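A short write-up of the structure that comes next.
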Amino acid sequence: MDYEIFNLGDVLLQSGVTLPNAYLAYQTYGKLNEQKDNVIVYPTAFGDQHIQNEWLIGSGMALDPEKYFIIVPNLMGNGLSSSPSNTPPPFDRANFPQVTIYDNVRFQQQLLTEKFGIEKIALVVGWSMGGIQAFQWGASYPEMVERIAPFGGIAKPWPHTFVVLEGVKASLLSAVGFDSSKLNQLSSTDMRAVGRVYAGWGLSHAFYREELYREMGFDTLEDFVAGVWENSFMNMDPHNVLAMLWTGQHADISANPSYNGDFDKALQSIKAYACIMPGSTDLFCTAADNEYEAKRIPNAVLKPIQSIWGHFAGRGINSADNQFIDDNLKHLLSLSTNE
């Protein structure tokens, strides 16, 4: 294994269900200094595992392991942390309980404090569902988090975002005729349709119009859709995907006892310096959604990634987008939080 396991024991989830023998899978990069003040938390996105985050970590980059202790916790449901695919009965596959972003961040905070004795976090950064975890960290632990940098991520699933995820989910449920009693019959083959549905949302109109998939080595649109979208989703466990989709659809940073659904209050309670980077052509985590959020966070700046790569401007594929994100992270980390 190229990662560590933090045993959480029997955890009471926000849903009221107790998940026995739960655990977080995580990977670390760099060393924790004596002051324990060089900590960066970098949660994973929907469908990703820690290895997919490594493009943003490296010598001379903002997330430099020679300077910082970078912790990448894997999202519950992603196949490495407790998930439908690795949990024994009675919570296996379709019986896996509902886990919120609030739950995920609470468990990550437990990892940091109990395993490493960390009291301050220099930065929480993340893409997509990793971004919503950054927002949640800022809202749940405002005294602990000094900076947040969500990119391609929003602080709740706005109605359109919810509908997009519902469409992705429906393409999978249709394989069993929307019969919840047959969910355990789902297989990786049924994920083919999911990939095709998501292909229309992950990238922008301009990306497809300008045929940028040719730069990725695909001669035709069909080859690209099959070679990238179908293949990537067919490598995922369908029950893990359903679990993560539920998490994403219910990922409101105010949906907890601290804020009781008051979204504006949750945003206003974030004390961290925030650099929020939406993709300018993102179709379902839009710059307009982030603009609303940034206006309500006291110390936030909005820095759209000017890119035709849509949601995937934050995926680490396009070098210009990568440089923009890294530059903004360097600037954010240079800001003194003692001012």
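The values are calculated or read from the model by the stated rules, or taken from the named source; none is laboratory data. All values derive from a computational prediction rather than experimental measurement. Cβ placement follows ideal geometry from the backbone for every residue including glycine, while neighbour counts extend to all protein chains displayed. Heads up: the accessible areas ignore ligands, DNA and RNA and are worked out on the full protein's heavy atoms, side chains in. Shrake-Rupley method; radii C 1.70, N 1.55, O 1.52, S 1.80 Å.
Residues that are buried (at least 18 other Cβ atoms within 10 Å of the Cβ) and among the aliphatic types (A, V, I, L, M) were ranked within the stretch 174-192; the one that is nearest to Trp246 (Cα to Cα) is Leu183.
Scanning the stretch 270-299 for residues that are open to solvent by 30 Å² or more (accessible area, probe 1.4 Å) and either assigned to a loop (DSSP other than H, G, I, E, B) or in contact with a strand residue (DSSP E or B) (Cβ under 7 Å, 6 or more places away or on another chain) (or both) yields Lys271, Tyr273, Ser280, Thr281, Leu283, Thr286, Glu291, Pro298, Asn299.
For every residue, the table says whether it meets (1) within 30 Å of Met144 (Cβ to Cβ); (2) in contact with a helix residue (DSSP H, G or I) (Cβ under 9 Å, 6 or more places away or on another chain).
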| position | (1), (2) |
| --- | --- |
| Tyr198 | no, yes |
| Phe207 | no, yes |
| Arg214 | no, yes |
| Glu222 | no, no |
| Ser232 | no, yes |
| Met244 | yes, yes |
| Gly248 | yes, yes |
| Ile253 | yes, yes |
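Taking each residue of the stretch 93-114 that is basic (Lys, Arg) and looking for partners that are open to solvent by 40 Å² or more (accessible area, probe 1.4 Å) and part of a helix (DSSP H, G or I) with beta-carbon atoms closer than 9 Å, six or more apart or interchain, yields Arg93/Asn184. Before we move on, is Ile5 loosely packed, with under 15 Cβ neighbours inside 10 Å, without any contact (Cβ under 8 Å) to a residue 40 or more places away in the chain and among the aliphatic types (A, V, I, L, M)? It is true that Ile5 is loosely packed, with under 15 Cβ neighbours inside 10 Å, without any contact (Cβ under 8 Å) to a residue 40 or more places away in the chain and among the aliphatic types (A, V, I, L, M). Is it the case, given these coordinates, that Gly60 is closer than 23 Å to Leu165 by Cβ and either out of contact with any Lys or Arg (no Cβ under 6 Å at 6 or more places or on another chain) or aliphatic (A, V, I, L, M) (or both)? Judged against the criteria, Gly60 is not a match. Residues in the stretch 227-235: is at least one without any contact (Cβ under 8 Å) to a residue 12 or more places away in the chain, surrounded by 14 or more Cβ atoms within 10 Å (Cβ to Cβ), part of a helix (DSSP H, G or I) and within 24 Å of the chain's Cα centre (by Cα)? Yes, because at least one residue in the stretch 227-235 is without any contact (Cβ under 8 Å) to a residue 12 or more places away in the chain, surrounded by 14 or more Cβ atoms within 10 Å (Cβ to Cβ), part of a helix (DSSP H, G or I) and within 24 Å of the chain's Cα centre (by Cα). Just one of the numbered conditions (1) within 21 Å of Ala122 (Cβ to Cβ); (2) under 16 Å from the mean Cα position of the chain (by Cα); (3) of a type in the set (A, V, I, L, M); (4) open to solvent by 20 Å² or more (accessible area, probe 1.4 Å) is not true of Leu80: (1).
Contact annotation: residue pairs with Cβ atoms under 6 Å, 6 or more positions apart or on different chains, pairing a residue in the stretch 52-65 that is closer than 16 Å to Asp321 by Cβ with a partner that is open to solvent by 40 Å² or more (accessible area, probe 1.4 Å) and part of a helix (DSSP H, G or I), are Ala62/Lys330. If you go through the stretch 300-339 and keep only what is charged (D, E, K, R) and either part of a loop (DSSP other than H, G, I, E, B) or out of contact with any strand residue (DSSP E or B) (no Cβ under 7 Å at 6 or more places or on another chain) (or both), you end up with Lys303, Arg315, Asp326, Asp327, Lys330, Glu339. Within the stretch 129-140, does at least one residue satisfy the condition of being surrounded by fewer than 24 Cβ atoms within 10 Å (Cβ to Cβ) and either within 18 Å of the chain's Cα centre (by Cα) or closer than 20 Å to Asn21 by Cβ (or both)? Within the stretch 129-140 (the criterion being surrounded by fewer than 24 Cβ atoms within 10 Å (Cβ to Cβ) and either within 18 Å of the chain's Cα centre (by Cα) or closer than 20 Å to Asn21 by Cβ (or both)), the answer is yes, since at least one residue qualifies.
Condition check: farther than 30 Å from Val99 by Cα and not polar (S, T, N, Q). Does Ile276 satisfy that? In short, no.
Results for (1) at positive phi; (2) of a type in the set (D, E, K, R); (3) part of a strand (DSSP E or B); (4) open to solvent by 10 Å² or more (accessible area, probe 1.4 Å), shown as yes or no for each residue.
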residue: Ala22; (1), (2), (3), (4): no, no, yes, no
residue: Thr28; (1), (2), (3), (4): no, no, yes, yes
residue: Asn33; (1), (2), (3), (4): no, no, no, yes
residue: Ile40; (1), (2), (3), (4): no, no, yes, no
residue: Ile51; (1), (2), (3), (4): no, no, no, yes
residue: Glu54; (1), (2), (3), (4): no, yes, no, yes
residue: Gly60; (1), (2), (3), (4): yes, no, no, yes
residue: Val72; (1), (2), (3), (4): no, no, yes, no
residue: Leu75; (1), (2), (3), (4): no, no, no, no
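Contact map, the stretch 240-261: residues that are part of a loop (DSSP other than H, G, I, E, B) paired with residues that are basic (Lys, Arg) and crowded, with 19+ Cβ neighbours inside 10 Å, Cβ distance under 7 Å, separation 6+ or inter-chain. Pairs shown: Ala251/Lys156; Asp252/Lys156; Ile253/Lys156.
Test Asp92 against the stated conditions and say whether it is modelled with pLDDT of 95 or more and open to solvent by 10 Å² or more (accessible area, probe 1.4 Å).
Considered against the rule, which asks whether it is modelled with pLDDT of 95 or more and open to solvent by 10 Å² or more (accessible area, probe 1.4 Å), Asp92 comes out as yes.
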